[in-house]
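The values are calculated or read from the model by the stated rules, or taken from the named source; none is laboratory data. The model shown is predicted, which means the values in this text are computed figures rather than measured ones. A quick note on method: Cβ atoms are made from the backbone with ideal geometry, for glycine too, and the neighbour counts reach across all protein chains shown.
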Amino acid sequence: MAAKRPAALELLAAALAELPGIGPVSSERLAYHLLEVPKHEALALAHAIQRAREEICVCSLCANLDQSDPCWVCADTTREQGTILVVESPRELLAFEASGYRGLYHVLQGRIAPLEEIGESDLTIASLVKRVQGQSGLEVCIATDPDLEGEASAELIRERLAGSGVKVTRIARGVPAGATIAQVQHTILSDAFEGRRPLD
């Protein structure tokens, strides 16, 4: 008779394989690990996942993730209100926070990626356009990653904001090509923002 794993183990491994960067071998290793650790540790992980899914929401203003709406950034009235920094995810938001930026944000919740079937409707570009309507003098600085998908996202945002009356800029090229915003040192991000350039 052929070797067979329990159905519950197969289900766990398959669920883990859906996570980014986790392939079949890694998912199997993680599944066995979760069954080998003390039961309370595995259940603590399950509880943490459940709690995060139940308590964390998307900010209705900027699409950041937080336990309140509006999020902690949008609720802070002391922040600079004249600039909105557009980032791909909350991870990049935190990276720019650490760099000293104190303006507003707009989180795209992804980026244009045709090979992954991620298009404009999957992002929060429409809500960004609606958010800036009628706000003359506002600057929207695009801080997507410096790769093909990030540049495509930046160009689409520029097109959608054309004629809106807002100033559209792009962070400087200080961010190394191929690197992600979340991986870059805080001083480099600060310099990239300070050296931002207009998008014509």
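Residues considered: A17, A44. Of these, the only one that is surrounded by 10 or more Cβ atoms within 10 Å (Cβ to Cβ), in contact with a helix residue (DSSP H, G or I) (Cβ under 7 Å, 6 or more places away or on another chain) and over 21 Å from A98 (Cα atoms) is A17. Sub-7 Å Cβ pairs linking a first residue in the range 138-166 that is part of a helix (DSSP H, G or I) to a second residue that is acidic (D, E), at least 6 apart or interchain, are L156/E120, ordered by first then second residue.
How many residues are farther than 19 Å from I49 by Cα and either small (G, A, S) or under 28 Å from the mean Cα position of the chain (by Cα) (or both) if we restrict to the range 3-25? First the steps, then the outcome.
Step one: list which residues in the range 3-25 are farther than 19 Å from I49 by Cα, which gives 3-7, 10, 23-25.
Those left that are additionally either small (G, A, S) or under 28 Å from the mean Cα position of the chain (by Cα) (or both): 3, 7, 23-25.
The number of residues fulfilling the criteria is 5.
Taking every residue in the range 77-100 that is under 20 Å from V166 (Cβ atoms) and pairing it with any residue that is exposed (fewer than 12 other Cβ atoms within 10 Å of the Cβ), at least 6 positions away or on another chain, the pairs with Cβ-Cβ distances below 8 Å are G82/G137. Contact map, the range 8-26: first residue over 22 Å from E116 (Cβ atoms), second residue assigned to a helix (DSSP H, G or I) and of a type in the set (S, T, N, Q), Cβ cut-off under 8 Å, separation 6 or more or different chains; pairs are A13/S27.
Among the residues of the range 182-200, those that are of a type outside the set (A, V, I, L, M, F, W, C), at pLDDT below 70 and closer than 16 Å to R91 by Cβ comprise Q183, Q185.
Report yes if I125 is more than 16 Å from F193 (Cβ to Cβ) and in contact with a Gly (Cβ under 7 Å, 6 or more places away or on another chain), otherwise no.
Numbers: more than 16 Å from F193 (Cβ to Cβ): yes; in contact with a Gly (Cβ under 7 Å, 6 or more places away or on another chain): no.
The answer is no for I125.
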